[in-house]
Structures are given as structure tokens and as C-alpha cells.
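J.: Have a look at this one.
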Amino acid sequence: MTMMPARNSGYAAPRALNVTALAVLMESTEPELHTPGQLPGETLAETAARRAAAADIVDDILTELAAVEFDGSAA
């Protein structure tokens, strides 16, 4: 007996994971922007501001990528 489904079971193999958005984010931003926790010498207010900035930047980049993906044009 095998754990693999039979070819005629109707099971569809998962599609390959598209990591384009992740690659663009990592290429377009500084690593410190996504560092969890506080950076050395950073206050709690600065940490909160960095996290808010990271969220805004990620949102902007993903919005632009979605516009290109679905509309074929930049946002």
C-alpha cells in the first residue's frame, strides 16, 4: 500500500509556488525593514514606525504587481 493517490483518483498535484512577489520585495527593500523585533539602539516608537513603513511598502509593491498581473499595466 502506498501513501500516493492513484493517478485516476481525481487528485490534482499542487501548482508550483509563484515567489515573484517575494523576490521583488526582497530585492526592492532593505533587510532591516523586515527584521523582527527591535534593532540595536531602536526605541519602541521607532520599531513601530519601521513596521508601519514596512507594511505600507509591501502593500504598495503588491498593489503594483497585482496591477501588472491582472491588467497588464502598472498602477
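Every read-out reported here was derived from the displayed coordinates using simple, explicitly stated rules and does not represent laboratory data. This is a predicted model, so every value here is computed, not measured. As a convention, Cβ positions derive from the backbone with ideal geometry for all residues, glycine included, and neighbour counts pool all protein chains shown.
J.: Can you work out the FRET efficiency for the pair Thr43 and Ala23, with r the C-beta to C-beta distance and R0 = 22 Å, to the nearest 0.05? Spell out each step's value before the answer.
T.: Details: r = 32 Å, r/R0 = 1.45.
Once the sixth-power term is evaluated, E becomes 0.10.
J.: Between Arg15 and Ile61, how high is the FRET efficiency from 1/(1 + (r/R0)^6) when r is the Cβ-Cβ distance and R₀ = 30 Å? Nearest 0.05.
T.: 0.85
J.: Counting Lys and Arg as +1 and Asp and Glu as -1, what is the net charge of the other residues whose Cβ lies under 15 Å from the Cβ of Ala49? Walk me through the numbers before you get to the answer.
T.: Values: positive: Arg50, Arg51; negative: Glu30, Glu32, Glu42, Glu46, Asp56.
In short, -3.
J.: Quickly rank 58-66, 32-40, 17-25 as a protection proxy: mean count of other C-beta atoms within 10 Å, highest first. All intermediate terms of the calculation are to be shown ahead of the outcome.
T.: Working: 58-66: 13.6, 32-40: 10.0, 17-25: 11.6.
Ranking, from highest mean packing down: 58-66, 17-25, 32-40.
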